[in-house]
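Okay, structure first, notes after.
None of the figures in this text is laboratory data; all of them are computed from the coordinates on show. The structure presented is a predicted model; accordingly, all values stated were derived computationally and were not measured. Note that each Cβ is placed from the backbone with ideal geometry, even for glycine, and that neighbours are counted across all protein chains shown.
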Amino acid sequence: MEFGIQTIKELLSGYQKKQFKPSEVIGAYLTNISERDEKINSFLQVRIEESLGRAKRLDEKMCEAETLPLFGIPIAIKDNFLVSGWQATAGSKILSGYVSPYTATSVERLEAMGAIVIGKVNCDEFAMGSSNENSAFGNVRNPWDLERVPGGSSGGSAAAVAAGFASVSLGTDTGGSIRQPASLCGLVGLKPSYGRVSRYGVISYASSLDQVGPFSRTVWDSARVLEVMAGFDDRDATSSKRSVPKYTEELKNISEKKFTLGVSRKWLEGVDPDVAKSFEAGLEMFKKAGGKIIEIDLPHARYALSTYYLLATSEASSNLARYDGVHYGYRTQSATTSEELYSRSRGEGFGREVKLRIMLGTYALSAGYYDAFYLKANQVRKKIQEDFEKAFTQCDFVVAPTSPSTAFKLGEKTDDPLKMYLSDIFTLPVNLAGLPGLSIPCGLDSKNLPIGFQLIGKPFGESVLFEAAQQFEALRGEFPLPGFLEGACRR
Amino acid sequence: MLNREEVLKIAKLARLTLTEEEIGFYQKQLTRVLGHIQDLNQVPTGTTAFVQHIPSDAEPFRKDDAEPFPSPLDLMKNAPSVENNSFLLPTIVEHS
């Protein structure tokens, strides 16, 4: 038996039937990483002894495969989550040497239910980027085409699952950082509603927008990870007290509901023709299931990019003020005063894009500009949220392609920040409005690269979002695997 | 276009030391992004309120009970420089 592309559901079934043990599965995934990650550069840390030790302990308790919802599931974690005793870099030199003194709530909950964290994966520095080219630890390559980006900022999380190095992974999504790489790597990527998953132990970028979510091969797997890690946490003052449904129970049968999907044609102008074609084919699939497509208006969605880059950078300039070379992480060798120590440690420790965003945020919050930038952007954010509220009086979901293009070449957009930022035009408004969004693979372009279809739901409407996505998945059929996996593993 | 002094002022506020090459680079990049952001001025917002991004059932004002961190020594292990269980920094006030 070879492993690499099994879903949570398949692994649990195999464990329950005693076809294999956790140590065999974890061992196989670790071998995949050691033999093949050199080409992808997705892992920053792999915990061989620790994860094999945990797997062997589970070998002795095979009956728990019936009760633990993530029994023996190999999972990779973006390197902006804290795991006690492990290094956390957030893709930055400024955190060099930092060892986490505690564990993020989301990771703690997954581990308590049997998941085995096999390692931590690469990402854009402090989750700022759309291509994973802003990591201090090198680019991540897309398993569908090694000359192309996996998307970002959770590029390592996406590439690791697509390449068969983990069954599922965790990422964070502030403006599209789960959904866009999921789209570019042919996976299901979920950004839950703001407040659904605790952010405790996740390195902050923009606190009013950041949210934790899973990458997986199937909708069912996404639902399983969410139901385990979601829910109130008194260590995150923004986490919701709403009860967490048993999402997978609700997915036992393929839904026969006839959904109404809202499309804003004006918003979709300028999309790559292959993406547009695949998106239309996706709409047709919902129609086949009896669904209805209606035209909606999102008049302020076009302002999401500006709104996001003012608010996210303002929050980042404050959140990242803590990296000063005093208490942890990188410290310059050339300072003679405290003032020099702060600014030189920061100047030398942060990468190019992070410094750009800190300065943008500092500018937006500085005296004389606050009203024109920060206040204005907050008001436009409200307008964007109201657009969605209005749309949801007419439809069950708002839909759009996840990204306007498929995976682009490494280096193609690094010179122009705006070009790069435009990769996220369909995902940014979802974070600004605090809504759940799910990207599901819907087709391949002429270069054989995956395309994602995005379903945007009402606040805390994850149940019905999964229901519709699973309906779509059933109609679409099995999605192809990247060339990187050919001959590497089989079901 | 933002001038050199404006970039240096922002960098000072942000506590970032920039190299000569970076000053020119950020002059261009900040100008490019700030130019785009001007499109927000087209949106009439009047007295529009802010978004309440925190869920209504969250508890932002929970009790602020202080608890000792279970392993303070682990925190100190991350420090770049320590002396007598304290974070060591360059001199702030010179002896006269």
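Annotations
- For A:Ala166, the shell of other residues with beta-carbons less than 12 Å away shows a net charge of +1, using +1 for Lys and Arg and -1 for Asp and Glu.
- Label-point separation in nm, A:Leu283 to A:Lys17, each point 7 Å along Cα→Cβ: 4.2
- Neighbourhood charge, 15 Å Cβ-Cβ cut-off, centred on A:Tyr342 and excluding it, Lys, Arg +1 and Asp, Glu -1: +3
- Per-pair calculated FRET efficiency, R0 = 25 Å: A:Ala367 and B:Met1 via Cβ, rounded to 0.05: 0.75
- D_trans [Stokes-Einstein, Kirkwood Rh over alpha-carbon pairs] for the stretch A:318-362, 25 °C, 0.890 mPa s, µm² s⁻¹: 229
- Counting charges near A:Glu125 (Lys, Arg +1; Asp, Glu -1) among other residues having Cβ under 11 Å from its Cβ returns a value of 0.
- When each full DSSP H helix of chain A is screened for a Cα extent of at least 18 Å along its own axis and an average Kyte-Doolittle hydropathy of at least -0.5, the helices passing are A:22-36, A:273-288, A:304-319, A:352-365, A:462-476.
- Remark on the stretch A:94-205: Rg and Dmax equal 13.6, 38 Å (Cα only).
- Rounded to 5, percent antiparallel among DSSP beta bridges of the protein assembly as shown: 70
- Shape annotation for chain A: C-alpha extents along the principal axes are 64, 54, 45 Å, from largest to smallest.
- Per-residue shielding of A:373-383, expressed as the average number of other chain Cβ atoms within 10 Å of the residue Cβ, stands at 5.
- Contour excess over end-to-end distance, with Cα ends at A:Glu386 and A:Lys9 and 0.36 nm allotted per residue: 131.9 nm
- Here is the size of the stretch A:390-491 from its Cα atoms: Rg then Dmax, 16.0, 49 Å.
- Rg followed by Dmax, in Å, when chain B is reduced to its Cα trace: 22.8, 59
- MRE, 222 nm, helices only [DSSP H, n ≥ 4, -39500 (n - 2.57), over chain A, to nearest 500]: -10500 deg cm²/dmol
- The modelled label-to-label distance between B:Asp57 and B:Glu21, using points 7 Å beyond Cα along the C-beta direction, is 5.4 nm.
- Averaged over the residues of A:195-208, the number of partner chain Cβ atoms lying within 10 Å of the residue Cβ comes to 1.
- FRET efficiency estimate (nearest 0.05) - Cβ-Cβ, A:Lys266 to B:Ser86, R0 56 angstrom: 0.40
- For the stretch A:335-416, fraction of C-alpha pairs farther apart than 20 Å, in %: 66
- When the P(r) is computed for the stretch A:336-380, the part past 13 Å accounts for 64% of the Cα-Cα pairs.
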